[in-house]
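The values are calculated or read from the model by the stated rules, or taken from the named source; none is laboratory data. The shown structure was predicted, so the numbers you read here are calculated from the model rather than taken from an experiment. With ideal geometry, Cβ positions are generated from the backbone for all residues, glycine too; neighbour counts draw on all protein chains shown.
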């Protein structure tokens, strides 16, 4: 019984319920130009979350296609943002540092669960994920206590934040699914074969160089290191470095991901981070932020190559 | 290499081109998944002995729900924002006492790393850099007299960069942030179950170096500002 409550499936069901509430609030929001289709999007996502463990895979797949179709035709939008800066300022003055209590609840509970799981000899990764989920729920209660806000206000605020972030919220999950299909199709083996034709002698240093270079170049073109990671991981990192050389997978994987961050610092494709801020801060040169970041990005990239090589040897 | 093999790479081409042309990322990724599957001869829906693309898509999506768990934290964060979370954070940022623009940028980078390590999403160019950090940095640089136009442009770029440096590397210090969870999920799909905490552990040297490099670059910025101020006197 306790095992069933403290399972990831419980957290997924809770997330699904929150999404269904968001969908309901979106449906009632007359300031949203596409409120019906937007509500449908969040409702479908809520169903996948809540029922994903029991739905047949083909049905989940069809629902995912429906989500992407709704977003693809541009029918997922957000309502008019209601922010009242003056009242936020006033409330901030009233609550002072107590306003941090709800947001700090999440990391506190996450760590508490992780430590608890480790102490009990259980999987600390699972503990952290459960902690994140239950932390979110406990934080809702703390938030209502601290602010004296209502449950309605709570969900409304959550929905507003969710709509602001929008449909890209599901992108990491879609990319992971893409990775699954790449693996099944043997895409990684094709890339690995291509690289082996260029670098025939299985030199670990050159392979690591190719791995980090590939990750960064893909990120520069796509503007997104998350999209590059599944490709590089299945095509270079796992078949050519981790598997044949027995390299620590956690170490190699996370260093490969952040090698991509150098690409993000150098590319105008990551407009949110590099181009929009230049405009926001009135820089005369719209590439001013990228130019400033360039030496930093090249230096830290080289460090990634060396670190990965030293730790892999 | 057989033509069949090359066809399998069509999905990667779609992702590269689609994202580079700023098409809708969700649509690009799913199109790439469908095309890759079809190119390698998978059926859309399962047939005897062959798993269908749609099934794999559904299973991959459901198995990786953990990447989107943060939705559960949005109501609490949203309510805190309505009650002045940003404003109260600004009170703390204003307390940073830094003598120069470079030191302020370095301290802001450190602040973003700490925020990231706590798994929080506080910060951003629009909410912190533009209204707080940039004016504070320009103010700090002008204590010794008027700062040149050229130096101000440099300060703008530096404050924008300090947000990126702190955000990109610091966020991997929390085991439940999107990047860590993506790596965890993708590696699991490839047959390697790694520990979230090991992923965090190997981020530490990278974060340390990002701070050192940032501090060096911001110190050089200060030196440049001082030189150009002397040059105009």
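Report whether or not residue A:133 is in contact (Cβ under 8 Å) with a residue 12 or more places away in the chain and facing another protein chain (nearest Cβ under 7 Å). Full working, then the answer.
Details: in contact (Cβ under 8 Å) with a residue 12 or more places away in the chain: yes; facing another protein chain (nearest Cβ under 7 Å): yes.
Criteria met by residue A:133.
Tell me the residue from A:261, A:302 that is facing another protein chain (nearest Cβ under 7 Å), outside any loop (DSSP other than H, G, I, E, B) and either more than 23 Å from the chain's Cα centre (by Cα) or under 26 Å from residue B:130 (Cβ atoms) (or both), please.
Numbers: A:302 fails: facing another protein chain (nearest Cβ under 7 Å).
Being facing another protein chain (nearest Cβ under 7 Å), outside any loop (DSSP other than H, G, I, E, B) and either more than 23 Å from the chain's Cα centre (by Cα) or under 26 Å from residue B:130 (Cβ atoms) (or both) holds for just one of A:261, A:302, which is A:261.
Check whether at least one residue in segment A:75-86 is assigned to a helix (DSSP H, G or I) and modelled with pLDDT under 95, and report yes or no.
Keep residues of segment A:75-86 that are assigned to a helix (DSSP H, G or I), which gives A:85-86.
Next cut, modelled with pLDDT under 95 only: A:85-86.
Yes; the residues of segment A:75-86 include at least one that is assigned to a helix (DSSP H, G or I) and modelled with pLDDT under 95.
Could you please give the count of residues in segment A:47-68 that are in a helix (DSSP H, G or I) and either more than 8 Å from chain B (Cβ to nearest Cβ) or more than 21 Å from the chain's Cα centre (by Cα) (or both)?
Applying the first criterion (in a helix (DSSP H, G or I)) to segment A:47-68 yields A:47-51, A:57-68.
Next, from what is left, pick out any that are either more than 8 Å from chain B (Cβ to nearest Cβ) or more than 21 Å from the chain's Cα centre (by Cα) (or both): A:47, A:50-51, A:57-59, A:62, A:66.
Selection size over segment A:47-68: 8.
Can you say whether residue B:61 is out of contact with any helix residue (DSSP H, G or I) (no Cβ under 6 Å at 6 or more places or on another chain) and within 30 Å of residue A:222 (Cα to Cα), as far as the supplied structure shows?
Numbers: out of contact with any helix residue (DSSP H, G or I) (no Cβ under 6 Å at 6 or more places or on another chain): no; within 30 Å of residue A:222 (Cα to Cα): yes.
When the stated conditions are applied, residue B:61 does not pass them.
Tell me the residue from A:182, A:205 that is surrounded by fewer than 21 Cβ atoms within 10 Å (Cβ to Cβ) and either modelled with pLDDT of 95 or more or at the interface with chain B (Cβ under 8 Å from one of its Cβ atoms) (or both), please. Lay out the reasoning, then the answer.
Numbers: A:182 fails: surrounded by fewer than 21 Cβ atoms within 10 Å (Cβ to Cβ).
Step by step, each of A:182, A:205 is checked, and only A:205 is surrounded by fewer than 21 Cβ atoms within 10 Å (Cβ to Cβ) and either modelled with pLDDT of 95 or more or at the interface with chain B (Cβ under 8 Å from one of its Cβ atoms) (or both).
Kindly list the number of the only condition in (1) assigned to a helix (DSSP H, G or I); (2) more than 10 Å from chain B (Cβ to nearest Cβ); (3) under 25 Å from the mean Cα position of the chain (by Cα) that fails for residue A:268.
Here residue A:268 meets the rest and fails (1).
Look through segment B:176-233, keep the residues that are more than 9 Å from every other protein chain (Cβ to nearest Cβ) and assigned to a loop (DSSP other than H, G, I, E, B), and return whichever of them is surrounded by the fewest Cβ atoms within 10 Å (Cβ to Cβ).
That would be B:233.
I'd like to check which helices (runs of 4 or more DSSP H) are fully inside segment B:43-153 and have at least 2 residues that are outside the structural domain of residue B:186 (by TED's automatic domain parsing). Don't jump to the end; show me each part of the working.
Numbers: elements: B:53-63, B:74-82, B:85-94, B:101-117, B:134-141.
Helices (runs of 4 or more DSSP H) meeting the threshold: B:53-63.
Could you say whether any residue in segment A:160-169 is more than 7 Å from every other protein chain (Cβ to nearest Cβ), at pLDDT 90 or above and surrounded by 19 or more Cβ atoms within 10 Å (Cβ to Cβ)?
Taking every residue of segment A:160-169 in turn, at least one turns out to be more than 7 Å from every other protein chain (Cβ to nearest Cβ), at pLDDT 90 or above and surrounded by 19 or more Cβ atoms within 10 Å (Cβ to Cβ).
When you check residue B:37 against the structure, is it at the interface with chain A (Cβ under 9 Å from one of its Cβ atoms) and either out of contact with any helix residue (DSSP H, G or I) (no Cβ under 7 Å at 6 or more places or on another chain) or assigned to a helix (DSSP H, G or I) (or both), yes or no? Talk me through it step by step, then tell me what you get.
Working: at the interface with chain A (Cβ under 9 Å from one of its Cβ atoms): yes; either out of contact with any helix residue (DSSP H, G or I) (no Cβ under 7 Å at 6 or more places or on another chain) or assigned to a helix (DSSP H, G or I) (or both): yes.
In short, yes.
Could you figure out which of (1) over 30 Å from residue A:2 (Cβ atoms); (2) under 20 Å from the mean Cα position of the chain (by Cα); (3) facing another protein chain (nearest Cβ under 9 Å) isn't true of residue A:91?
(2)
Which residue, of B:54, B:115, is within 11 Å of chain A (Cβ to nearest Cβ) and either free of Cβ contacts under 8 Å to residues at least 12 places away in the same chain or at positive phi (or both)?
Working: B:115 fails: either free of Cβ contacts under 8 Å to residues at least 12 places away in the same chain or at positive phi (or both).
After applying the criteria, what remains is B:54.
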